[in-house]
Amino acid sequence: MSVLETINSPADVKRLTRSELSVLAEEIRRRIVEVVSRNGGHLASSLGAVELTIALHYVFETPQDKIIWDVGHQAYAHKLLTGRREVFETLRKYQGISGFTKRSESPHDAFTTGHSSTSISAGLGIACAKRLKKEASKVISVIGDGSMTAGIAYEGLNQAGALHKDENMIVILNDNDMSISHNVGALSSFLSRTFSAKYLQGFRKEFGEFLKSLPKIGDDIYQLAKRSEESFKTFVTPGMLFEAFNFDYFGPINGHRLNHLIDILTNIKELNEPVLLHVTTKKGKGYEPAEKNPVYFHGIGCFEVKTGNCIQKGVSVPSYTEVFGETMVALAQADPRIVAVTAAMPEGTGLSRFAEAFPERFFDVGIAEQHGVTFAAGMATEGYRPVVAIYSTFLQRAYDQILHDVCLEALPVVFAVDRGGIVGEDGATHHGLFDLSYLRSLPNMVLMAPKDENELRRMLVTALAHNGPAALRYPRGTATGAALEDAITPIPIGAAEVLEKGDDLLILAIGRSVQDALEARRLLALEGIDAGVVNCRFVKPLDIELISTLVRKTPRVVSAEENVLQGGFGSAVLESLNDVGIHQFRMERVGVGDMFIEHGPQTLLREKYGIDAGGIVQAGRRVCGLSASESSG
């Protein structure tokens, strides 16, 4: 029996010898690689945090002590050690365990995560609540160096340092990017383990109080002594910033040396003040392909364990993301005003080629969506045409900046909203199901969604030519295979198009739902229902002139969107028809109800929640007065 097979809870970890812990780390890595190779997932980050995870569960007592994993994508080892070993095979599968931490999944998951940089704020809130309840437990926030680019992380640090009395707060900076020489690293490790010893911390405080008590000159001498200590520590460590937030800083230490990690965590556990431990780790640790290419293995699909090569599914059609990226390069060659902005995701948003071709016109702002949007607004005031490419779920974080800094003055900023709709195995924290609702409410915003990749190109040109804010929203995954026209022509703002005429039913669709609407038309025709299909293109402004004309002729309507129903495309249609005085019609809206959608394959989730072609067919039958079993074909 392997060591891992004996682990059913953190209590089992504590019973192991330190040599067995090293064996456990190797076995955990093998298990993570095996499962992620079949299921896909966030591999490099989880491999890099294995020893840190073991050390945390060896020293602390979860779930009494709380560990908050920022983003949660590095928590696979945590799941294996906290009672989910036997179901780990279901990672990211439908009705299996989540790829992120989730409170409803395990009491050891202290906070539900998925988005970046929330761990310090959440941890501080938990620490404050524990103090008010007079519960003696530690709260540990584990945050990556990438997540430290977001302002919310520093907002949390700032309040934690100001309160200071929340002594049970520990922040662990998991730094997998900073390069530290062997000499400095060894010295830093020694200093941190030495300075963190409980008796030294007590001596330092007592001696400080003694210096302060000296009449007249005491405080000056204390400050001088503290500066001397800090100058020595910060000469070999980057701790000055965190000390400024009133955190006691320790590190950096090697995050793959279990003995050192356990020793320093044991010492830090005894401190009664905010502590920041700086740990350096290597992304992809223990799996050579991931070590060599951690960006590729950050979020990976299925792959061969032996080689690390992606398992191709024989798909030759490009993704919407790829088409967007290639079109950006082509358009930027002809227009020097075009600049690209993204938030730490040049590969994910398809902008890597743009960055290579136009490095001076490409801006990766880090995990800082709020800053990125206002940064783009600033560039727009100087005559540039910034294109902000951000996933739908992450653009939510910049809502105020879109409203206040872009839309208020109608600045020409283009939002390329990738991953709109159901995204699949990353689940509720990553589905892009709210953008049509939260963007269409903003004055001056033009909002559109393409039916295929050629229309995506046309909408990008349309948005860049528009002298105001515009957003184009497109889905994750393979495009339709539509032919790409050589000449990219803009679309008149607000112009829908009739794809198919029909006398019995009118289907109004937006974005990828247009393809489902065309398939639904084919299926309904087999039952004797003649359905017309309109590619509405624009959620705002709607082509209400065309829509109202068609509704008067065919007052049986189905709207189709891959978005929540509240405030979405179907709501826009109903509002607009009411505004023009059309009331004699029957309509059903196909979309997502008032809920969060779990993780699972895109096609399965679309079918389950009735937002695919079958869902449109069912709605069409009801609007036409037929039951599900009736057919006139």
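Some observations on this one:
- Flag if LEU550 is closer than 17 Å to LEU439 by Cα, in contact with a strand residue (DSSP E or B) (Cβ under 8 Å, 6 or more places away or on another chain) and surrounded by fewer than 21 Cβ atoms within 10 Å (Cβ to Cβ): no
- Filter result (surrounded by fewer than 15 Cβ atoms within 10 Å (Cβ to Cβ) and either among the polar types (S, T, N, Q) or without any contact (Cβ under 8 Å) to a residue 60 or more places away in the chain (or both)) within segment 474-487: ALA483, GLU485, ASP486, ALA487
- From GLY255, GLY299, GLY202, GLY239, residue being closer than 30 Å to SER352 by Cα and either crowded, with 16+ Cβ neighbours inside 10 Å or modelled with pLDDT under 90 (or both): GLY299
- Scanning segment 368-384 for residues that are of a type in the set (S, T, N, Q) and either in contact with a strand residue (DSSP E or B) (Cβ under 9 Å, 6 or more places away or on another chain) or in a helix (DSSP H, G or I) (or both) gives GLN370, THR374.
Table: residues versus (1) modelled with pLDDT under 95; (2) buried (at least 24 other Cβ atoms within 10 Å of the Cβ); (3) small (Gly, Ala, Ser); (4) assigned to a strand (DSSP E or B).
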| position | (1), (2), (3), (4) |
| --- | --- |
| ARG397 | no, no, no, no |
| ASP400 | no, no, no, no |
| PHE415 | no, yes, no, yes |
| LEU436 | no, yes, no, no |
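- Per-region count, segment 285-296, residues closer than 14 Å to ARG29 by Cα and in a loop (DSSP other than H, G, I, E, B): 3
- Helices (runs of 4 or more DSSP H) (entirely within segment 35-113) containing at least 1 residues that are closer than 20 Å to GLY123 by Cα and at pLDDT 95 or above: 50-59, 76-81
- Residues in segment 341-360 that are part of a loop (DSSP other than H, G, I, E, B), surrounded by fewer than 24 Cβ atoms within 10 Å (Cβ to Cβ) and in contact with a helix residue (DSSP H, G or I) (Cβ under 9 Å, 6 or more places away or on another chain): ALA344, MET345, PRO346, GLY348, PHE358.
- All positions within segment 565-598 that are in a strand (DSSP E or B) and free of Cβ contacts under 8 Å to residues at least 60 places away in the same chain: ARG586, MET587, GLU588, ARG589, GLY591
- Flag for PRO490 being in a loop (DSSP other than H, G, I, E, B), in contact (Cβ under 8 Å) with a residue 60 or more places away in the chain and either under 26 Å from VAL329 (Cβ atoms) or open to solvent by less than 60 Å² (accessible area, probe 1.4 Å) (or both): no
- Residue check, VAL387 outside any helix (DSSP H, G or I), touching a residue at least 60 places away in the same chain (Cβ under 8 Å), of a type in the set (Val, Ile, Thr) and farther than 30 Å from ARG92 by Cα: yes
- Pairing each residue of segment 107-135 that is among the β-branched types (Val, Ile, Thr) with any residue that is open to solvent by 30 Å² or more (accessible area, probe 1.4 Å), provided the two are 6+ apart or on different chains, yields C-beta distances under 7 Å for THR112/LYS102; THR112/ARG103; THR118/ILE152; ILE126/LYS66.
- Being hydroxyl-bearing (Ser, Thr, Tyr) and more than 30 Å from LEU460 (Cα to Cα) holds for only one residue in THR280, THR321, and it is THR280.
- Single match in VAL317, VAL305 (criterion: within 30 Å of LYS451 (Cβ to Cβ), part of a loop (DSSP other than H, G, I, E, B) and under 27 Å from the mean Cα position of the chain (by Cα)): VAL317
- Listed by first and then second residue, the pairs with beta-carbon distance under 8 Å, at least 6 apart or on different chains, first residue in segment 533-549 and outside any strand (DSSP E or B), second basic (Lys, Arg), are ARG537/LYS451; ASP543/ARG537.
The values are calculated or read from the model by the stated rules, or taken from the named source; none is laboratory data. What you are looking at is a predicted structure, and each value in this text was computed from that prediction instead of being measured. Glycine also receives a Cβ, built like all others from the backbone with ideal geometry; neighbour counts cover every protein chain displayed. When the accessible area is computed, the model is the full protein with side chains, heavy atoms only, and any ligands, DNA or RNA have been set aside. Shrake-Rupley method; radii C 1.70, N 1.55, O 1.52, S 1.80 Å.
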